[in-house]
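The values are calculated or read from the model by the stated rules, or taken from the named source; none is laboratory data. Being a predicted model, the structure only gives us computed values, none of them experimental. With ideal geometry, Cβ positions are generated from the backbone for all residues, glycine too; neighbour counts draw on all protein chains shown.
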Amino acid sequence: MIAREVAWRVFAGEYNSSRLEIKGEGERAPSYVVSPLGAMINRVFIVGVLTDRENLGTEEEPLWRARVSDPTGTFYVSSGQYQPEATAALSKIDPPAFVAVVGKTRTYSPEEGTMYVSVRPEKVTVVDARMRDHWVLETCKSTLKRIDAIGAATEMEAPNLEELVRLGYPRALADGVVRSLSHYTDRDLGRYRGMVVDSLKFLLPEYQGEAEGEMPERLAESAEEIEDDEKEAKAEEDKEEKVLATITALDRSGKGASWDEVVDEVKKAGIDKTELEEITNSLMDKGMIYEPVLGKMKRI
Amino acid sequence: MEKEELAPHVAEISRVLGNKVDEKDIWKEMETYLNLYRVSLETAKRSVVRKLGGDPNALTKGVRKQLNDLTPAEQSVDVLVKVLSVNRKEIETSGETRQILYGIVADETGTMPYTAWDAERFQMNRGEAVLIRNAYTKEWNGSSQLNLGTRATIEQEEPDSVRLPEGMDAPSGPSICKVAELQEGMNNVHIVIKVLSVEQRKLETPNGPKTVFSGMAADETGKVQYSAWHDFGLKKDDVISIHGAYVKSWRGIPQLNFGERAEVARTKAPALAEADLAKPKLRSLDEMERVGGAVDVLVSGIVVDIKKGSGLIFRCPQCNRLVQKGLCRLHAKVEGQPDLRIKAVVDDGFGALTAVMNRDITEALVGVRLDEALKEAKEAMNPEIAREQIEQRLFAKALEVRGNVTSDEYGLMMIVTEARILVPEVRAEASALLSELEASQ
């Protein structure tokens, strides 16, 4: 079969934790990045917020680096002269923008034992918020299926592909799960379940503004601690909302709110500079604000 | 009985007799008992041993084993099993045809395929428990197979003497298969379907003319084309139960076949009889990859690519083939007729297919019209302009398509009969999924 490689739906949080690559042998054999949950990825489909992009190359030989964030983290996208279509598209999109990207996996290993992953786009296009939300939902379902498959394989005496296929898991996933099991020994399923829960909450207005706390760690704690945590989380949310509101209010020109003004403003609410940095980092991670230029903050 | 087959038995008798008797005499005696008096092999052996002064109890008896413990090279083994399926086949050996039986047997440790090399001597019936003695095993297609040869005997046992694990016990044969599970190469299929249409065709075969009854059938999981190679008197809307059907792909789509050896019975399945099976159910793309195609299915996914050859194309007026640079592959230089089509890759995250859409569907879906596309292409001097519009309209969108799915070495393809862009309802589903997750924690 020389069938087309499927475009996996994975969250940045899972994709970026990948530390296993399977290199295709032979000229046209595809290579795969195997995620901790057994996604065997040659191609991905992502929809997220393009938060920034810059051309590290020249006009003639462009090399665009871009960040696309989802509710769990950031995808690193790089596109050069050999991806003319994606490169041209990327150069025309002004961040922030919702984008859909179909691309191939890339890996970078600066030294033995470390591996970083990025995405080399085949196609990039601007989409709307609804399509991003749809992608988040689909990716939640896809992630849950992988968590299930890992669970099923772990229960087997000798995890194997055919057995997983018989249980109804897609062949490529079954293959990836078996490979993943023997490579990742420190996989924390709770972390991924937490990602899914947080991402689902991200989609629901009744949870908007709630801090997406460290679910997996919370689970391990006692009831009282959880209660304390929840109070703390609630307080943090309030502060995040305050910071968000401040940034919106101070963004008079549309080019972003000045950092210094924000610092002064939130001080009145009892938030010091260090805390403000933490809050803005958290908001950036969630894809709710970004830094259009140094020293400015803007809502997405 | 062939000399080679008899040789090990003669050697065994010789051993029991302490090698004190000339093997020629044993041969002669055995041939007399077997060929002249036609007693069974076991009786012959015991008689010959007794006659020549030995102890018949010293003859090897098969060792009782469970299926799971069998190696692929058992010489003589006894098993107590339940017969899950029986099929009859005619084979030719040294110019003679004979009937053999094959199928599946099971005990509490597992299942195993078997072949009984003489249909007359071995009475195997589906659902019965039998004690098979002196069988042997061989490796066949990478797994062990139980063989009932000339030395083997078979005894009926009480039906409950074999207890099968939950789900495996199937006195009525293998478990019922669903249409959505049918795939190339399946044999001895038991399935319940509703006949949606019947057509008669006359075929010339090497054995003379034959009438084939074919058409569409369905259950609640999907539709399938069938061919009945025997007149079972099928009528539209019949709900039938078939034992012993098989699946072969025809033009890239798995098709259900059943001949005169299949058991076909009308059956009561009110749910199926009353169901509206005209509309296909939504199926996943990895399932399509698994079965290798199906008729009239509904799938959905994201459009992740609009392939080359989409948009405004030109076709040969004589053969309808694509005209490239004014040339048809068959008819050389022709005046190409303009047409619109889309070849979109629809991907649901676990599988992908190429959906091919004709002019009508393209126009409705994308809102471009052929005459406009032609005009715009001429004005812009760019034949790719329609393709770009299609890509803008469809790329990254959720699409639902209906049609026949076929497969070849390039993967899955669908000739689309209906297509629509989905507007996903995210919140309700996210909310339901979240409650489900929170409930399970």
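Considering only the range A:41-62, state which residues are acidic (Asp, Glu) and either under 30 Å from A:Arg4 (Cβ atoms) or loosely packed, with under 14 Cβ neighbours inside 10 Å (or both). Working first, answer last.
Within the range A:41-62, the subset acidic (Asp, Glu) is A:52, A:54, A:59-61.
A:Glu54, A:Glu59, A:Glu60, A:Glu61 - these are the residues of the range A:41-62 that are acidic (Asp, Glu) and either under 30 Å from A:Arg4 (Cβ atoms) or loosely packed, with under 14 Cβ neighbours inside 10 Å (or both).
Residues that are surrounded by 20 or more Cβ atoms within 10 Å (Cβ to Cβ), among the hydrophobic types (A, V, I, L, M, F, W, C) and free of Cβ contacts under 8 Å to residues at least 40 places away in the same chain within the range B:18-53 comprise B:Ile26, B:Met30, B:Leu34, B:Ala44, B:Val48, B:Val49, listed in sequence order.
Number of residues in the range B:1-26 that are assigned to a helix (DSSP H, G or I), more than 19 Å from B:Gly149 (Cβ to Cβ) and of a type outside the set (A, V, I, L, M) equals 5. Scanning the range B:428-441 for residues that are part of a loop (DSSP other than H, G, I, E, B) and more than 9 Å from every other protein chain (Cβ to nearest Cβ) yields one hit, B:Ser440.
Within the option set A:Gly151, A:Gly113, A:Gly190, A:Gly176, being free of Cβ contacts under 8 Å to residues at least 12 places away in the same chain and among the small types (Gly, Ala, Ser) holds for one residue only, A:Gly113.
How many of the residues making up the range B:348-367 are in contact with a helix residue (DSSP H, G or I) (Cβ under 8 Å, 6 or more places away or on another chain) and closer than 17 Å to B:Glu418 by Cα?
As a first pass, look at the range B:348-367 and keep what is in contact with a helix residue (DSSP H, G or I) (Cβ under 8 Å, 6 or more places away or on another chain): B:348-353, B:357, B:359, B:362-363, B:365-367.
If we keep only those that are closer than 17 Å to B:Glu418 by Cα too, we end up with B:353, B:357, B:359, B:362-363, B:365-367.
Counting residues in the range B:348-367 that are in contact with a helix residue (DSSP H, G or I) (Cβ under 8 Å, 6 or more places away or on another chain) and closer than 17 Å to B:Glu418 by Cα gives 8.
Condition test on B:Arg163, is it assigned to a loop (DSSP other than H, G, I, E, B) and crowded, with 19+ Cβ neighbours inside 10 Å? Criteria not met by B:Arg163. Can you find a residue that is at the interface with another protein chain (Cβ under 10 Å from one of its Cβ atoms), touching a residue at least 40 places away in the same chain (Cβ under 8 Å), within 30 Å of B:Ala278 (Cα to Cα) and among the aliphatic types (A, V, I, L, M) anywhere in the range B:411-427? Scanning the range B:411-427 turns up at least one residue that is at the interface with another protein chain (Cβ under 10 Å from one of its Cβ atoms), touching a residue at least 40 places away in the same chain (Cβ under 8 Å), within 30 Å of B:Ala278 (Cα to Cα) and among the aliphatic types (A, V, I, L, M). I need the full set of residues from the range A:24-53 which are modelled with pLDDT of 90 or more, farther than 24 Å from A:Ile93 by Cα and away from every other protein chain (no Cβ under 14 Å), in order please. Across the range A:24-53, the qualifying residues are A:Ser31, A:Tyr32, A:Val33, A:Val34, A:Pro36. Exactly one residue out of A:Glu261, A:Glu241 is among the charged types (D, E, K, R), farther than 20 Å from A:Gln208 by Cβ and not in a loop (DSSP other than H, G, I, E, B), and it is A:Glu261.
Got at least one residue in the range B:379-389 being within 14 Å of chain A (Cβ to nearest Cβ) and within 23 Å of B:Cys319 (Cα to Cα)? No, every residue in the range B:379-389 fails to be within 14 Å of chain A (Cβ to nearest Cβ) and within 23 Å of B:Cys319 (Cα to Cα).
Taking the range A:110-127 only, how many residues are in contact with a Ser or Thr (Cβ under 8 Å, 6 or more places away or on another chain) and either among the polar types (S, T, N, Q) or within 14 Å of chain B (Cβ to nearest Cβ) (or both)? Lay out the reasoning, then the answer.
Taking the range A:110-127 and keeping what is in contact with a Ser or Thr (Cβ under 8 Å, 6 or more places away or on another chain), we get A:115-121, A:124.
In the following step, the residues that additionally are either among the polar types (S, T, N, Q) or within 14 Å of chain B (Cβ to nearest Cβ) (or both) were identified as A:118-119, A:121, A:124.
Number of matching residues: 4.
I need the full set of residues from the range B:282-297 which are in a loop (DSSP other than H, G, I, E, B) and within 11 Å of chain A (Cβ to nearest Cβ), in order please. Within the range B:282-297, B:Ser284, B:Gly292 qualify. Give the residues of the range B:295-310 that are farther than 29 Å from B:Leu182 by Cβ and crowded, with 19+ Cβ neighbours inside 10 Å, sorted by residue number. Listed by number, the residues that qualify are B:Asp305, B:Ile306, B:Ser310. Evaluating A:Arg130 against the criteria (1) under 29 Å from A:Val197 (Cα atoms); (2) assigned to a helix (DSSP H, G or I); (3) touching a residue at least 24 places away in the same chain (Cβ under 8 Å); (4) over 16 Å from the mean Cα position of the chain (by Cα) leaves one unmet condition, (3).
Residues in the range B:115-143 that are among the small types (Gly, Ala, Ser) and over 15 Å from B:Ser76 (Cβ atoms): B:Ala116, B:Ala119, B:Gly127, B:Ala129, B:Gly142, B:Ser143.
What tally of residues in the range A:1-41 results from selecting those that are among the small types (Gly, Ala, Ser) and farther than 13 Å from A:Val117 by Cβ? Residues flagged as among the small types (Gly, Ala, Ser) and farther than 13 Å from A:Val117 by Cβ within the range A:1-41 amount to 6. Applying the criterion of at least 1 residues that are outside the structural domain of A:Ile147 (by TED's automatic domain parsing) to the helices (runs of 4 or more DSSP H) found wholly in the range A:157-203 leaves A:189-203. The criterion of at least 3 residues that are closer than 19 Å to B:Lys325 by Cα and out of contact with any Gly (no Cβ under 9 Å at 6 or more places or on another chain) is met, among helices (runs of 4 or more DSSP H) falling completely within the range B:337-403, by B:370-380.
Scanning the range B:390-410 for residues being within 11 Å of chain A (Cβ to nearest Cβ), charged (D, E, K, R) and touching a residue at least 60 places away in the same chain (Cβ under 8 Å) gives a total of 3.
Scanning for something surrounded by 14 or more Cβ atoms within 10 Å (Cβ to Cβ), within 24 Å of the chain's Cα centre (by Cα), part of a strand (DSSP E or B) and in the same structural domain as B:Arg387 (by TED's automatic domain parsing), does the range B:264-281 turn up at least one residue? No, the conditions are met nowhere in the range B:264-281. Just to be sure, is A:Lys104 basic (Lys, Arg), more than 8 Å from chain B (Cβ to nearest Cβ), assigned to a strand (DSSP E or B) and closer than 22 Å to A:Arg67 by Cβ? It is true that A:Lys104 is basic (Lys, Arg), more than 8 Å from chain B (Cβ to nearest Cβ), assigned to a strand (DSSP E or B) and closer than 22 Å to A:Arg67 by Cβ.
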